[in-house]
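Below: the structure, in structure tokens.
The values are calculated or read from the model by the stated rules, or taken from the named source; none is laboratory data. Computed from a predicted model, the values in this text were never measured in an experiment. Don't worry about glycine lacking a Cβ; one is built from the backbone with ideal geometry, like all the others, and counts go over all protein chains shown. The protein model used for the area step is the full one, side chains on, heavy atoms only, and it has no ligands, DNA or RNA in it. Shrake-Rupley method; radii C 1.70, N 1.55, O 1.52, S 1.80 Å.
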Amino acid sequence: VMNTNAKSYRYYYEQLNETEKQIYDEILEKVTIQNREITIKWPEKIEFETVTRQDPELEEKKQQCSEEVKQRIQNVLDALIQDEPQFFWMDIGTTTEKWSFQGTGIIGNIVWTMKPVEVSIGTNYTSEQVQELNRRVEGIDIPGETRQQKLDVMHRYLCELIEYDETAPHAHEPYGALIEGRAVCEGYARSLKWLCDRAGIPCVCVVGTASQEESVPHLWNYVQMEDGKWYAVDTTWDDPIYIGSSNSTKQNEYKHQYL
């Protein structure tokens, strides 16, 4: 499944329900680094009834509906971040949502309906930084006749460009990896996803741990070759250059995980 706007392979999008997919599409269409405050018309009615406007259960019912809305939006933002690496600048932790309920009817039969949701997307980046990285990605040459050849170019490019560094200011995003040359696993994996999207190679970011023995969070990729099979690629562990804290796990050997 491809996003025709960004040409992204949208695996996590397909895990959402229909309402969440519509919200995802609307955010994808409206939000930019210059336009981070958007209004979403909820795809389905969210409403409840009370007897009076001072019904003792009113606040409880509002809270239940609000928790559902927040969870749906969180699902969408989580999927968007994994599927669309060009939105690296989105800071989910500081994103806010606002909505209210409007009651209509008479005493004994009041229906409360949720109004459109206002979403404000947080960021730690400037428009100039976003444009800088977009130009960098578009300028990367990815030659090759086959997916394997293109993947080999991208894989080697990232391993030669990036140094693993937990202290880097943008270590978790493609900006740290592709502009500053310093990143951790998230920066590596999201950068490979972005380049694979450009090259038309289906690619998924995979969330897990570094090993069965250690519960250190880790991010790597699966890519689909012409044979239809999916192969693991871990540019973080393939990179021999490592600058990090002493309590991290990272091997010091360059190898092609996908061969």
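Data overview
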| item | result |
| --- | --- |
| Percent RCO, i.e. relative contact order, over the chain, from Cα pairs under 8 Å lying at least 6 residues apart | 16 |
| Environment charge of Gln22, counting only residues whose C-beta is closer than 10 Å and scoring Lys/Arg +1, Asp/Glu -1 | -3 |
| For the chain, cysteines whose Cβ has no other cysteine Cβ within reach (under 4.7 Å) | Cys65, Cys159, Cys185, Cys205 |
| Most mobile of Thr123, Thr19, Thr235 in a GNM of the chain (Cα contacts under 10 Å) | Thr19 |
| Most mobile of Gln64, Gln129, Gln148 in a GNM of the chain (Cα contacts under 10 Å) | Gln64 |
| Tail fraction, Cα-Cα pairs, the chain, threshold 24 Å, whole percent | 54 |
| Across Lys21/Lys62; Lys41/Lys229; Lys21/Lys193, pairs whose alpha-carbon gap is larger than 30 Å | Lys41/Lys229 |
| Whole-number D in µm²/s for the range 125-226 (Stokes-Einstein; Kirkwood sum over Cα pairs; 25 °C, 0.890 mPa s) | 174 |
| Accessible solvent surface per residue of the chain, calculated while the other protein chains remain in place, 1.4 angstrom probe, Å² | 51 |
| Residue with peak Gaussian network fluctuation, the chain [Cα springs, cutoff 10 Å], from Asp152, Asp55, Asp141 | Asp55 |
| Solvent-accessible area, 1.4 Å probe, carbon plus sulfur percent, for the range 36-94 | 43 |
| Debye equation applied to the C-alpha atoms of the range 1-120, log10 I(q)/I(0) at 0.17, 0.18, 0.22, 0.23 Å⁻¹ | -0.85, -0.92, -1.23, -1.32 |
| Between the range 97-148 and the range 182-212, the alpha-carbon center distance in angstrom | 21 |
| Residue-averaged [θ]222 nm for the chain, counting only DSSP H segments that reach four residues, each worth -39500 (n - 2.57) | -11000 deg cm²/dmol |
